[in-house]
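S.K.: Quick one: the structure is below, questions incoming.
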Amino acid sequence: MIISANKANRLYWLGRYVERVYMTLHLLRRVYDKMIDGQPEDYESFWQKLDMTDSYASTSEFTLGMMYDDKNPSSLMSSLNSAMDNAIMLREDIKSETMSYIEMSIALMKKYRSEAMSNITNLQSVTDWMLAFGGSAAQRIDDPKVLSLIAIGQKTEKIDIMLRFCYCYDRIAAQYYILRNWAKEWPELLDENIDAQIVEMLKPENYKDADEEFRWRLCKFINTVVRA
Amino acid sequence: MAYINLKGLIDSRDAVNKWMERFGVRFGVYKNGVFNEQLFPFDSIPRVISKKDWDYLEAGLQQRVKALNMFLWDIYHDKNIIKDGVVPEEFVYSSKGYMPECEGVSPVGKVYAHIAGIDLVEGKDGKWYVLEDNLRIPSGASYPMIARKLCRKVSPSTFSDNSVAENRDYSELLRTMMDDMCVDGGMKVILTPGRYNSAFFEHSYLAEKTGATLAYPGDLFVEDDKVYYAGMFKEKRLVGAIYRRVSDEYMDPLTFEASSLLGIPGVMQAYKAGNVALINAIGNGVADDKGIYYFVPKMVKYYLGEESILQNAPTYLPYYEEDKAYVLANLEKLVIKDVSEAGGYGVMFGRDMNEKQLAEMRQLINDEPRRWIAQEVIDFKDLELLEGDEVVERKADLRAFVVTGKETKVWKSGLTRFSRNPDSFVVNSSQGGGFKDTWVMIK
């Protein structure tokens with residue numbers, strides 16, 4: 001199948017936003033767990049890692065803001081809306097059933113927002129639906145290029161977040177090689193010069209785990225390696 | 001008609017609406033310049049059409065659409081119907097839908113109205129009347145199609161207990177028609193104006209169900225009088241059929257509205273050269289003009305040599321002196337329609353006007369008789385619908401869909417739209433109406 005540049009871009013970003021929802025929820029649960037014991041520095045470091053310019057005044061504001069704040073581009077609600085903005089224009093490729101997992105997540109979030117529900121653990125359904133989205137996509141999408149663009153978007157987002165939150169080398173390197181594997185479907189998709197730089201940086205002898213500037217540079221390469 | 005058991009369906013109505021939300025069954029509305037998407041209100045009590053009524057409607061609809069297609073060919077080629085004095089030329093050439101740019105253009109298979117949406121009402125006397133022909137971009141088929149899918153899911157016993165004709169095959173009708181029309185084995189695309197079009201759900205759902213590619217403005221381009229879909233990394237693929245959901249005037253900025261960003265520059269040249277099928281053809285508006293509607297039964301007789309099976313609502317053209325005199329004298333009991341408006345706009349009921357408004361209307365009719373038609377108000381049969389737990393009756397119409405490729409086929413269902421306002425005859429979704437599934441009984 002032929003894929004237009006706009007469609008490729010939407011597929012890629014659909015993957016990124018779905019992964020952002022999944023990863024953000026995962027990380028928020030960890031922060032939430034620590035906050036139970038009263039460790040406010042955790043939420044402050046959280047928003048700093050996401051380059052957020054505004055902080056929230058309290059843990060409860062932070063929790064609600066990260067869940068429902070439309071104006072916070074890192075919130076779950078914003079990411080779900082952005083995923084939907086892309087998915088709605090891709091219905092014929094990803095199929096209505098796949099799209100429905102985002103619709104259901106938004107509907108649930110809107111309901112919880114209206115109730116000011118602040119217990120992040122109640123959002124397990126959203127995590128489940130993001131996983132179901134991936135399963136449905138794998139089951140229902142026939143075109144390998146379409147599937148690979150979504151998967152590459154997901155992997156890009158995952159690595160970006162892993163770098164920001166200082167995940168260990170092994171996991172980051174593994175995710176990048178999975179990304180490259182998906183790109184075999186469509187070799188022109190990766191910028192070969194940037195890819196070569198990333199591969200070099202990901203060699204065990206070159207990787208500088210504790211070097212913030214190194215991770216920042218790697219993150220920049222990861223975010224520009226896909227030509228979609 | 002056999003006993004219809006709807007209990008299961010009615011009991012499951014909340015579940016149907018939940019599924020509709022899950023699948024994003026919405027339509028968009030612009031209000032004060034702001035775009036909002038809302039769920040299309042669905043009522044689970046279907047409109048039921050008996051086999052006998054359907055056999056009559058099917059024959060009438062096929063006949064009507066065949067005649068309309070012949071009329072369009074004639075208007076853009078030989079113009080015999082004008083030369084023979086059946087349709088006055090003023091009604092053709094002054095119509096906003098007439099496109100001189102289409103003169104002499106021969107669409108694939110001589111088909112202009114591949115998808116026709118014919119609006120009908122059933123009177124309290126049990127007779128069906130055609131209210132309007134929609135031959136440009138009739139919309140709405142996707143709603144009963146998905147509603148049926150969901151109703152069958154939540155209440156399967158309703159469908160095993162009742163013999164209802166399948167309606168989920170609309171996409172198959174479309175796909176076959178697009179295959180019939182497609183030039184040189186090219187791609188089949190549905191061209192949408194974009195995400196903020198009121199019918200975007202339908203565009204994307206029909207693309208999903210027909211297997212066509214949904215194309216956005218900018219995805220298609222013309223080279224050497226052929227249309228291509230632009231892929232990544234300079235890839236391109238020939239396009240053979242475009243089911244376009246963009247209005248005529250925006251389809252080609254090189255031929256029509258120069259400021260249009262929705263169309264495909266040069267597509268008219270490709271179309272004229274026979275290198276691409278446009279579904280529906282450009283220029284169909286001349287045949288679904290409210291003024292031309294009056295002449296459709298005459299077209300049937302003229303082209304097919306048959307009496308029209310379907311009846312129009314009794315209609316008067318102020319263009320004719322005799323009709324004008326009748327309209328001016330009986331304005332308060334008639335419905336007046338501005339021929340240049342659509343979507344339920346420009347429809348005025350004389351009974352709702354005060355003396356001053358009636359006088360102004362009379363003046364307008366005298367000044368521009370070609371702009372108006374007048375019709376007797378048909379007392380439509382009310383349909384039952386659920387409002388909360390209460391069953392109420394509301395006005396409803398039926399949009400039947402007729403698909404023409406190598407053959408003309410009537411889809412065994414349709415969009416039943418109803419007014420939610422007990423005092424209103426206006427059923428359009430853009431004005432707050434809802435919809436029902438339409439059941440055609442097999443026996």
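S.K.: Going through B:117, B:140 one at a time, which residue ends up being closer than 26 Å to residue B:40 by Cα and part of a loop (DSSP other than H, G, I, E, B)?
M.R.: Every option except B:140 fails the conditions.
S.K.: Please state which one of B:335, B:391 is open to solvent by 70 Å² or more (accessible area, probe 1.4 Å) and either assigned to a strand (DSSP E or B) or of a type in the set (Ser, Thr, Tyr) (or both). Talk me through it step by step, then tell me what you get.
M.R.: On the way: B:335 fails: open to solvent by 70 Å² or more (accessible area, probe 1.4 Å).
On inspection, the qualifying residue turns out to be B:391.
S.K.: Being at pLDDT below 85 and farther than 20 Å from residue B:200 by Cβ is the filter here; which residues of region B:13-31 pass it?
M.R.: Selection gives B:13 alone.
S.K.: Among B:259, B:171, which is out of contact with any Ser or Thr (no Cβ under 9 Å at 6 or more places or on another chain) and assigned by TED's automatic domain parsing to the domain that holds residue B:28?
M.R.: From the options B:259, B:171, the qualifying one is B:259.
S.K.: Can you tell which of A:23, A:66, A:52, A:35 is more than 20 Å from the chain's Cα centre (by Cα), away from chain B (no Cβ under 14 Å) and surrounded by 14 or more Cβ atoms within 10 Å (Cβ to Cβ)?
M.R.: A:35
S.K.: When you scan region B:346-353, do you find a residue that is open to solvent by less than 80 Å² (accessible area, probe 1.4 Å), in contact (Cβ under 8 Å) with a residue 60 or more places away in the chain and outside the structural domain of residue B:166 (by TED's automatic domain parsing), even just one?
M.R.: The answer is yes; a qualifying residue exists.
S.K.: Inside region B:268-284, can you point out the residues that are touching a Ser or Thr at 6+ places or on another chain (Cβ under 9 Å) and either at positive phi or at pLDDT below 95 (or both)?
M.R.: Listed by number, the list holds a single entry, B:274.
S.K.: Select, from A:113, A:140, the only residue that is over 30 Å from residue B:142 (Cα atoms), touching a residue at least 24 places away in the same chain (Cβ under 8 Å), more than 15 Å from the chain's Cα centre (by Cα) and open to solvent by 40 Å² or more (accessible area, probe 1.4 Å). Steps first, please.
M.R.: Numbers: A:140 fails: over 30 Å from residue B:142 (Cα atoms).
Just a single option satisfies the conditions, and that option is A:113.
S.K.: Within the set of pairs 6 or more residues apart or between chains, which connect a residue that is modelled with pLDDT under 95 inside region A:206-221 to a residue that is open to solvent by less than 60 Å² (accessible area, probe 1.4 Å) with Cβ atoms less than 6 Å apart?
M.R.: Close Cβ pairs satisfying both conditions: A:207/A:169; A:208/A:214; A:209/A:169; A:215/A:163.
S.K.: Between a residue in region B:311-325 that is open to solvent by less than 60 Å² (accessible area, probe 1.4 Å) and any residue that is among the acidic types (Asp, Glu) and part of a helix (DSSP H, G or I), which pairs come within a Cβ distance under 9 Å, given they are 6 or more apart or on different chains?
M.R.: From region B:311-325, the pairs are B:315/B:323; B:316/B:322; B:316/B:323; B:317/B:323.
S.K.: Give the residues of region B:166-184 that are open to solvent by 10 Å² or more (accessible area, probe 1.4 Å), in a loop (DSSP other than H, G, I, E, B) and away from every other protein chain (no Cβ under 14 Å), sorted by residue number.
M.R.: B:166, B:169, B:182, B:183, B:184, listed by residue number.
S.K.: Looking only at residues that are away from chain A (no Cβ under 14 Å) and free of Cβ contacts under 8 Å to residues at least 12 places away in the same chain in region B:230-260, which one is surrounded by the most Cβ atoms within 10 Å (Cβ to Cβ)?
M.R.: B:260
S.K.: Can you name every residue in region B:199-224 that is in a helix (DSSP H, G or I), over 18 Å from residue B:28 (Cα atoms) and more than 7 Å from chain A (Cβ to nearest Cβ)?
M.R.: Scanning region B:199-224 gives B:209, B:210.
S.K.: For residue B:24, state whether it is open to solvent by less than 10 Å² (accessible area, probe 1.4 Å) and in a loop (DSSP other than H, G, I, E, B).
M.R.: yes
The values are calculated or read from the model by the stated rules, or taken from the named source; none is laboratory data. Keep in mind the model is a prediction, meaning the values are calculated, not measured. Please note: Cβ atoms are built from the backbone with ideal geometry, for glycine as well, and neighbour counts cover all protein chains shown. Calculation scope for accessible area: heavy atoms of the full protein, side chains included, ligands and nucleic acids excluded. Shrake-Rupley method; radii C 1.70, N 1.55, O 1.52, S 1.80 Å.
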